[in-house]
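The values are calculated or read from the model by the stated rules, or taken from the named source; none is laboratory data. Computed from a prediction, not measured in an experiment: that's the story for all the values here. Cβ placement follows ideal geometry from the backbone for every residue including glycine, while neighbour counts extend to all protein chains displayed. What goes into the accessible areas is simple: the full protein's heavy atoms, side chains included, and nothing from ligands, DNA or RNA. Shrake-Rupley method; radii C 1.70, N 1.55, O 1.52, S 1.80 Å.
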Amino acid sequence: MNKIAYEELYMQQLPGLFRLALSILRQPADAEDAVQQAVLQAWQQIDTIRYGKEKAYLARIVINECHNIQRLRKRTVPVTVFPERIEPETKIMELRDAVERLPEKLRLPFLLVHMEGYSSQEAASVIGITLFALKSRLKRAKKSLRIELREEGES
């Protein structure tokens, strides 16, 4: 892959990579750091990226960077007081919040397939699991979301 093609791919994938990182880290600054570090790593390894696998390659690096940041975060003291967020209560916000509450094991496949448009095979490759495991996690995520959203609607 040449550098011009890489820049075009990066610019196309940037919003999706950021959303992916944000879904894992939940902090915009950390997500930006993860994406920036991933893009730099991919740039340094540009000659090793296989044609047709660029999107999955970038996503995998972002996920790895997010996990590195999470490991570092475990060594820090958390802040105990958070400012309140004021957001409109809509069905979209309820869904987004429900997705955020999913465990990462279920949230990541759901976001890759249903929010970022990855094929099931691409998402399985990015996460490093079998296609069967991915489909199982998607099914569990959807079931969990249905139950949680139904409970919120009743209260």
Angle between the Cα long axis of helix 3-25 and the longest principal axis of the chain, 0 to 90 degrees, nearest 10? 30 degrees
Filter the trypsin sites (Lys or Arg not before Pro) in region 39-77 to those in DSSP coil with at most 11 other Cβ atoms within 10 Å of their Cβ, and list the result. ARG50, LYS74, ARG75
What percentage of the solvent-accessible surface of the chain, computed with a 1.4 Å probe over protein heavy atoms, is contributed by carbon and sulfur atoms? 56 percent
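For region 98-155, what is the convex hull (Cα atoms) projected area averaged across all directions, in square nanometres?
Values: hull surface 14.6 nm².
That works out to 3.7 nm², a quarter of the Cα hull's surface.
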Ratio for the chain, C-alpha Rg to 2.2 N^0.38 Å, reads 1.13
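So what is the 222 nm mean residue ellipticity for the chain from helices alone, if each DSSP H run of at least 4 adds -39500 (n - 2.57) and you divide by all residues, rounding to the nearest 500 deg cm²/dmol? Walk me through the intermediate numbers first.
Values: 7 runs with 110 residues, N = 155.
So the helix-based figure for the chain works out to -23500 deg cm²/dmol.
What accessible area per residue comes out for the chain, rounded to a whole number of Å², with a 1.4 Å probe? Could you put the intermediate results ahead of the total?
Numbers: 10320 Å² over 155 residues.
Result: 67 Å² of accessible area for each residue.
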Would you look at the GNM of the chain, springs on alpha carbons closer than 10 Å, and say which of ALA42, ALA123, ALA133 moves the most? ALA133
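Charges at C-beta only: +1 for Lys and Arg, -1 for Asp and Glu. How large is the resulting dipole of the chain about its Cα centre, in Debye rounded to 20? The partial results should precede the final answer.
Details: 25 positive and 21 negative charges, 159 e Å.
So the magnitude is around 760 debye.
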Over 17 Å, how big is the tail of the calculated P(r) for region 1-80, in percent of all Cα pairs? 43 percent
